[in-house]
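Taking it in order: structure first as structure tokens, then the write-up.
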Amino acid sequence: MDKTIDITLKIWRQHDRKAKGAFETYNLKGISTDSSFLEMLDVLNEQLINEGKEPVVFDHDCREGICGMCSLYINGHPHGPDTAVTTCQLHMRKFHNGDVITIEPWRSAGFPVIRDLMVDRTAFDQIIQAGGYISVNCGGAQDANAVRIPKKDADEAMDSASCIGCGACVAACKNGSAMLFVSAKVSQFALLPQGRVEAARRARAMVAKMDELGFGNCTNTGACAAECPKSVSLSNIARLNREFIKAKLKD
Amino acid sequence: MWLTNSSIGRKVVMSISGLFLVLFLTFHMCMNIALVFSEDAYNAVCKFLGANWYALVGTLVLAAGFLVHIIYAFWLTLQNLKARGSDRYAVNVRPDTVEWSSQNMLVLGIIVILFLVLHMAQFWFKMQLNEIAGVAPGINPHDGATLVIEVFSCPWMVLLYLVWFFALWFHLTHGFWSAMQTIGINNKIWFNRWKTIGNVFVTIICLGFAFVAIAIYIKYGLMGAGGVC
């Protein structure tokens, strides 16, 4: 037998970028604890459509925790109360019968609300376009041993590359800073020989774009890493600082 | 100039000025300890740091350090408030690993400055400023020991100063490792090392200050002529 719970949802509704938003309260009965959080919202939207009301708008895509599309600030946490998972992998078994669940969009000047729980995260795309790539031609696939990379560096680069660009770090930060995202993207290249070539230019360009788009100044509270669904480490931020300072001192 | 128009540059200025002020506090604490053992030794230091050219240059550099740190603090905070946006979260939970002090550095800093104003009025005004401008006639600017004993004979003053040191301790426990992180000399291994080194170091500094205040109170306020407030 499935276990089911009855819950109350307080959801931020906002018609468009300029409209003033407000919380709406919805009651849901008989939600299976085996369902995911987004499936629960699907049930809500089904119910709203049947009642002839506007469904709640929220971002989602792969629903397996790798695309970085889902967001949602649930009960005071980006991606909800579970640690190291995205909202799509959060399950209703983390909640109890009678719970009131508050769902808000990411709130940051860099991520304006488009509608309801959906925010505009194109600022992250712009930061990547500023330098989050390798422009040299790396040629065809080489022998695995041709370019030797210490295991430690390879592992660390892989950990940095696990960032899915969801924006939870900005949402969690009291300063609306994008440093964890930018530092992860700078680190995944800075640690590897192919990325090293353009390391200085990349750090300069991506930080400049981040500042230009109005993200805040990092004050090392560590809320970003604590809430990151991919457990991206704060050590990336130290590396970005190091790369940036080195680049500027060389100028 | 990257130290003013990039976020990391502004943070570097905060870190360097902050570490400079920590260095100053270290010297100040060491000098205070002397008073517990000898009034003459302490007064010798006071005389050495009076109106000599090197002491005045040092004072100006120190004042510049404070000013830069304070101005940047307000500047960064205003920018961060703007970056946060106008809508606030209805429900906000601080993750367990996030230190309370790290989210309240400006508030702690303001508490520290307010006490600093009192501290300057009680000592610097009557000592270095008095020596160069004669603002407090009748007070010997080189007799710091008498001034300190006068202030710390009063239990309320000791209590006030202890509150100050407590706020300072909170400010520095985050400030120290945060400065290392911003300068970039940090990684996964040094993360906990810097935190531990910082915590131990600033605890020694703050306990040193508290020790002098309490020792002077016991020696002169409690055992001596009694507390005059």
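The values are calculated or read from the model by the stated rules, or taken from the named source; none is laboratory data. A quick note: this is a predicted structure, and the numbers were derived from the prediction, not measured. As a convention, Cβ positions derive from the backbone with ideal geometry for all residues, glycine included, and neighbour counts pool all protein chains shown. Areas reflect the complete protein model, heavy atoms only, side chains present, ligands, DNA and RNA absent. Shrake-Rupley method; radii C 1.70, N 1.55, O 1.52, S 1.80 Å.
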So A:Lys3 clears everything in (1) open to solvent by 70 Å² or more (accessible area, probe 1.4 Å); (2) at pLDDT 95 or above except one condition, right? Which one? (2)
Taking the range A:71-122 as the search range and keeping residues that are open to solvent by 50 Å² or more (accessible area, probe 1.4 Å) and among the hydroxyl-bearing types (Ser, Thr, Tyr), which one is farthest from A:His15 (Cα to Cα)? A:Thr83
Can you tell me how many residues in the range B:165-190 are polar (S, T, N, Q) and either in a helix (DSSP H, G or I) or more than 8 Å from chain A (Cβ to nearest Cβ) (or both)? 4
Here, helices (runs of 4 or more DSSP H) confined to the range A:121-199 with at least 2 residues that are free of Cβ contacts under 8 Å to residues at least 12 places away in the same chain and within 14 Å of chain B (Cβ to nearest Cβ) are A:151-161
Of the residues in the range B:1-17, how many are in contact with a Leu (Cβ under 9 Å, 6 or more places away or on another chain), among the aliphatic types (A, V, I, L, M) and either without any contact (Cβ under 8 Å) to a residue 60 or more places away in the chain or not in a helix (DSSP H, G or I) (or both)? 1
Yes or no: the range A:167-189 includes at least one residue that is open to solvent by 10 Å² or more (accessible area, probe 1.4 Å), more than 24 Å from A:Gly80 (Cβ to Cβ) and touching a helix residue (DSSP H, G or I) at 6+ places or on another chain (Cβ under 6 Å). yes
Looking only at the range B:65-99, count how many residues are outside any loop (DSSP other than H, G, I, E, B), at the interface with chain A (Cβ under 7 Å from one of its Cβ atoms) and of a type outside the set (S, T, N, Q). 4
Those residues of the range A:20-55 which are farther than 20 Å from A:His79 by Cα, in contact with a strand residue (DSSP E or B) (Cβ under 9 Å, 6 or more places away or on another chain) and assigned to a loop (DSSP other than H, G, I, E, B), in sequence order: A:Gly21, A:Glu54
Can you find, within the range A:201-251, the residue that is nearest to the chain's Cα centre (by Cα) among those that are open to solvent by less than 30 Å² (accessible area, probe 1.4 Å) and among the acidic types (Asp, Glu)? A:Glu227
Within the range A:147-154, identify whether any single residue is within 30 Å of A:Asp2 (Cα to Cα) and at pLDDT 95 or above, and answer yes or no. no
